[in-house]
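The values are calculated or read from the model by the stated rules, or taken from the named source; none is laboratory data. Please read all numbers here as calculations on a predicted model, not as lab measurements. Cβ coordinates were reconstructed from backbone atoms using ideal geometry, including for glycine residues, and neighbour counts include every protein chain displayed.
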Amino acid sequence: MTALNNPIRFHKRLLRAEPSFRLMAKLWRISWLYVLLICALAGVGYVTLYSAAGGVPYPFAAPQAARFAVGLVLMVTIAMLPPRLLMRASWGMYALSLVLLAAVLHMGHVGKGAERWLMIGGLQVQPSEFAKIALVAVLATWFSRMDYARMGNPLWLIPPAFMVLVPVGLVLKEPNLGTAVIIGGIGASLFFTAGMRLWQIILLVLPLPSLVQFAYGHLHDYQKARITTFLHPENDPLGAGYNIIQSKIALGSGGMWGQGYLHGSQGQLNFLPEKQTDFIFTMIAEEWGFIGAATVIALLVLLIMGGMIMAIRCRNRFGRLIALGISMNFFFYCLVNLSMVMGAIPVGGVPLPLVSYGGSAMLNVMLGFGLLLSTWVHRDTRLDESNGRTA
Amino acid sequence: MWLKRRKRENRRLMPIRDQKDPARGVFTRRALLCMAVQAGAMGELARRLYHIQINDGDHYARMAANNRVSKRLLAPPRGRIVDRYGIALANNKENWRALLMPEETTDVAGTIERFSTLIPLDERDRNRIAREMRHQRRFVPVMLRDFLSWDEMARIELNAPSLPGVLIDVGTRRVYPEGELLAHIIGYVAPPNENDVAHSTLLALPGMRVGRAGIEQNQDEKLRGTAGSVEMEVNAVGRVISELNREEGVPGEEISLTIDRGLQQRVLNHIGDQTASAVVLDCHNGEVLAMVSTPSFDPSLFDSGVSHAQWIEWTNNQHTPLINKAVAGVYPPGSTFKPAVAMAALESGLISPTDRVFCPGHLDVGGTRFHCWSRWGHGSVDLHLALKYSCDVYFYEIARRIGMDRIAETAHRMGLGVPLDIELPHTRTGLIPTPAWRQAHHHHWNGGDTIVSGIGQGFIQVTPLQLATYTARMATGRAVQPHLMRAINGEISPMASPEHWPSLNMPEKYLEALRAGMFAVVNEPHGTAPKAQLDLPGITMAGKTGSAQVRHVSRALRESGHFNSANLPWEYRPHALFICFAPYDAPRYAVSVVIEHGNAGADAAAPLARNIMRDTLLRDPSNHTTPPPESVAAVDDSFE
């Protein structure tokens, strides 16, 4: 009965005893501001897909909105899962991602020579997208068990290095150079922030140039063609350089204020290739001008920085690395896609998250945001001490 | 305790370091570094975007406009050609064509095959269709057959369900309602050749035609008009999305000719099947009221392409149907040249109208005998009698006295042997020979050359149009130029007014002497052309006959007494010529007639010229703005 006399104790007990109430508290801890930003970006996607279809909700905008609704529910659900559960699940997720990557090599469908997918129950699954999330989770789990002292021991870095290299190798074999580079980048950023020593980093970075040279020798012809047309797009205006030139024309014709919603000539007249997927940002820039495009970039920056702040704010190592990895993943998506449409890097099938049309990418992104929000919800949970080791 | 922790946390909203975990500090520092890299990368992208959209915006906007706007030219309708009363002589008619839209049929070859069972396609059509199919995009229609008749269209429409993708549309074709009647004047059009297209983008448009003869060729630029254009928004594969801007072309200008179609028809009727040409001029202003050259051809055959056999037939025909003899046929003027020689003599001051020359039937110069057409001679003749009898010796003599240069100078001023301003292509200048011309061709000019020139023989060559011009100038004393253009788009040419034409500066009394001589030819007893007398009350005409030898008549043949040119083969007979003007007291119309190998001007050409003049006077086109009723023309038939 003493518990009842102390309202705070009572409150705490009630929190433990009453699962539904605990759920409500967690729901309250979700950063709804961040969710609002996600919804805003998805809204941009809906509006642009509506225009890409020529001013009608089908076939792009409406299915995309439905997927987003599903994704939103998935995200909120994942956000409330406790980190311990996630840590335990991460190994399974990682194993599953490797199986899927191996499966896609054998029976995957190839689209446009790059991105491969599997058909599972009528759903397109892109294992490489899922593999990024799984990698973030498994690396975070691994590093969360390591304190600063352990990080100094190179032996402890060998297993996670393999965790990165195996999916990178599998994705390269697909072959999807862009995604492989992104997976490698995410892995590297996690190694870096987990507390790798500087001498280790220098030792790793030094042989990189020769590695790149070696890799270029093993590139496929179409990948080499992408790089050469990127360097000289005007040599082949109707062939491989067409996408880059048309994209730049559309961007440039948008000007400061744009040609007006539903009135972007390049997009509406189909000059723009893959305008509803990879080149959707070009449509935004053409119809809304620099003002609109810059607003979208600002929105993306807010989402990236928000994730990073969540990472820094997190009290447990696992959450920090998860949040950083997911933010990095999102950042790489945006960076590669935007650079591609502006003709800054060779074209590769990387969509603009939440805006581009596509179900698999949407679900993966929402899964990632779910994990991110989960670290925020459990930002004060102490996990590291429970390892039995305290620094 | 829980509350206490909350309070500490609230103080430090952003705990970034942890006493128990040194890795957290490292993480925070390195995460901040990552954020800086991210912010830098996104900032760089925004800067690049600004560069593309704002700095290079104009450049890309221009490229975008080129990307989406496709400009196509529209062929303007060709200008009409009408006669002086507005009757259409060259017109545009709808040309129904069957087109195939390849993308609208699943089986292109099958559709063409079924189409050919309804409308036969020959080998040439099939090859052309196959070629166009290869070169064009699938949504650009391919022409299957044009010039469809009503019947053929009905057959296509009836079988439309089995002919997917086949559609009928309308273009224009050039039609000549009067056909052969005006073929030489109007000319014809044909599809442009590669050379034409290279010089004018307008001609590259489908359906454009180029004038290849007559007014169609001479006034081609005016008749063509200006192309319209239509700007269309197209998508990346070139399909038309919408029409942005349409600018209709300016149709070619409507050209009104000076020709009186009804008179032209009457003249043609009078000529019948003779190989001849006739020109009717308005003496006051040089308007060509009729200009006929026989035989003629059907100009509409050229629009769709003339068959090889037809072409061979035309070019090998010794009656030269494709040549407009009125402007491109050159003939020795014969005795019709005598008034010009007379004028040259009078103007020189060496001869007065009353000076007499004795004609014994021949003239001996330097051992050569030049015969008069009358073996017995005309005795002593002055200018008036010399013209009336057409005495050769008189003109031999005065030509000898004044010399060739004076004759040529006067003849040129009267319109003979010089280029005229007629609006027709392929005209010939003819020739009035001079010693200088002869020497330029490295020959010696003999005295005899001057003497035969005095009667319009020898090297002299003139066209029927020049003869008519010469007659009109004699009749009015004005330097009129023959012309066919009366108005453009209804605006009357200044050439229609007599004041436009300057005086010839020939003394009126001399002109009067020539006219009186020509009056005598027709109306006085023993004149050479009594058959040319008009039967119209109060109206008389003046004229001059001419017979032009095309072959030298040998002295032996002439002296045998059996010479009769009517017995010669057609192509060796002399040409028959006649020039005349009427009314004599107030000249208004001038007519020249040349009948190829018609033998004697007095017998063949004079009656024809009279009939033409009679019709002209009855219709009086120069004083009417509407065509006379048909009954006027009908009177003529009773007169024959």
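Annotation: of all residues in segment A:268-296 being out of contact with any helix residue (DSSP H, G or I) (no Cβ under 6 Å at 6 or more places or on another chain) and assigned to a loop (DSSP other than H, G, I, E, B), the one that is surrounded by the fewest Cβ atoms within 10 Å (Cβ to Cβ) is A:270.
Scanning segment A:146-182 for residues that are hydroxyl-bearing (Ser, Thr, Tyr) and closer than 26 Å to residue A:331 by Cα yields a single hit, A:179.
Pick from B:165, B:179: which is farther than 24 Å from residue B:223 by Cβ and among the small types (Gly, Ala, Ser)?
Exactly one residue qualifies, and that residue is B:165.
Residue B:416 - would you say it is surrounded by 24 or more Cβ atoms within 10 Å (Cβ to Cβ) and either closer than 30 Å to residue B:184 by Cα or among the small types (Gly, Ala, Ser) (or both)? Answer is yes for this residue.
Checking each residue in segment B:276-315 for being touching a strand residue (DSSP E or B) at 6+ places or on another chain (Cβ under 7 Å) and of a type in the set (S, T, N, Q) picks out B:277, B:293, B:294, B:300.
Out of the residues in segment B:173-199 meeting the condition of being part of a helix (DSSP H, G or I) and closer than 30 Å to residue B:278 by Cα, tell me which one is modelled with the lowest pLDDT.
B:179
One line per residue, one yes/no per condition, for (1) outside any helix (DSSP H, G or I); (2) hydroxyl-bearing (Ser, Thr, Tyr); (3) modelled with pLDDT of 75 or more; (4) touching a helix residue (DSSP H, G or I) at 6+ places or on another chain (Cβ under 8 Å):
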| position | (1), (2), (3), (4) |
| --- | --- |
| B:3 | no, no, no, yes |
| B:29 | no, no, yes, no |
| B:32 | no, no, yes, yes |
| B:35 | no, no, yes, yes |
| B:52 | no, no, yes, yes |
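Hey, among the residues in segment B:242-277 that are assigned to a strand (DSSP E or B) and out of contact with any Ser or Thr (no Cβ under 7 Å at 6 or more places or on another chain), which one's surrounded by the most Cβ atoms within 10 Å (Cβ to Cβ)? Full working, then the answer.
Applying the first criterion (assigned to a strand (DSSP E or B)) to segment B:242-277 yields B:242-247, B:250, B:255-257, B:276-277.
Subsequent filtering for residues that are out of contact with any Ser or Thr (no Cβ under 7 Å at 6 or more places or on another chain) retains B:242-246, B:255-257.
Values: B:242: 8, B:243: 10, B:244: 13, B:245: 11, B:246: 11, B:255: 25, B:256: 24, B:257: 28.
Going through the qualifying residues, I end up with B:257.
Restricting attention to segment B:460-483, the residues that are surrounded by 24 or more Cβ atoms within 10 Å (Cβ to Cβ) and not in a helix (DSSP H, G or I) add up to 5. Of everything in segment B:297-323 that is closer than 18 Å to residue B:90 by Cα and in contact with a Gly (Cβ under 8 Å, 6 or more places away or on another chain), the residue that is surrounded by the fewest Cβ atoms within 10 Å (Cβ to Cβ) is B:298. Scanning segment A:255-267 for residues that are in contact (Cβ under 8 Å) with a residue 40 or more places away in the chain and buried (at least 24 other Cβ atoms within 10 Å of the Cβ) yields A:264, A:267.
One line per residue, one yes/no per condition, for (1) crowded, with 24+ Cβ neighbours inside 10 Å; (2) over 22 Å from residue A:134 (Cα atoms); (3) of a type outside the set (A, V, I, L, M, F, W, C); (4) in contact (Cβ under 8 Å) with a residue 24 or more places away in the chain:
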position	(1), (2), (3), (4)
A:300	yes, yes, no, yes
A:313	no, yes, yes, yes
A:318	yes, no, no, yes
A:327	yes, no, yes, yes
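Taken over segment A:186-222, the criterion of being away from every other protein chain (no Cβ under 14 Å), under 26 Å from the mean Cα position of the chain (by Cα) and assigned to a helix (DSSP H, G or I) is satisfied by A:204, A:205, A:208, A:211, A:212, A:215, A:216, A:222. Looking only at residues in segment A:220-242 that are in contact with a helix residue (DSSP H, G or I) (Cβ under 7 Å, 6 or more places away or on another chain) and among the hydrophobic types (A, V, I, L, M, F, W, C), which one is modelled with the lowest pLDDT? So the residue we want is A:240.
Of the helices (runs of 4 or more DSSP H) that lie entirely inside segment A:2-67, those containing 2 or more residues that are at pLDDT 90 or above and within 17 Å of residue A:357 (Cβ to Cβ) span A:32-52.
I need the full set of residues from segment B:54-95 which are more than 14 Å from every other protein chain (Cβ to nearest Cβ), in a strand (DSSP E or B) and among the aliphatic types (A, V, I, L, M), in order please.
We begin by selecting, within segment B:54-95, every residue more than 14 Å from every other protein chain (Cβ to nearest Cβ); these are B:71-95.
Subsequent filtering for residues that are in a strand (DSSP E or B) retains B:71-74, B:81-82, B:88-95.
Of everything in segment B:54-95, those that are more than 14 Å from every other protein chain (Cβ to nearest Cβ), in a strand (DSSP E or B) and among the aliphatic types (A, V, I, L, M) turn out to be B:73, B:74, B:81, B:82, B:88, B:89, B:90.
Look at residue B:393 and say whether it is closer than 26 Å to residue B:594 by Cα and without any contact (Cβ under 8 Å) to a residue 40 or more places away in the chain. Judged against the criteria, residue B:393 is a match.
Taken as a whole, the condition of being polar (S, T, N, Q), farther than 23 Å from residue B:489 by Cβ and not in a helix (DSSP H, G or I) does not apply to residue B:111.
Quick check on residue A:151: is it touching a Gly at 6+ places or on another chain (Cβ under 6 Å) and not acidic (Asp, Glu)? Spelling it out, residue A:151 is indeed touching a Gly at 6+ places or on another chain (Cβ under 6 Å) and not acidic (Asp, Glu).
Return a yes/no flag: does segment B:297-309 have any residue that is on the phi > 0 side of the Ramachandran plot and assigned to a helix (DSSP H, G or I). No, segment B:297-309 contains no residue that is on the phi > 0 side of the Ramachandran plot and assigned to a helix (DSSP H, G or I).
Only a single criterion out of (1) surrounded by 15 or more Cβ atoms within 10 Å (Cβ to Cβ); (2) under 17 Å from residue B:510 (Cβ atoms) is not satisfied by residue B:377, namely (2).
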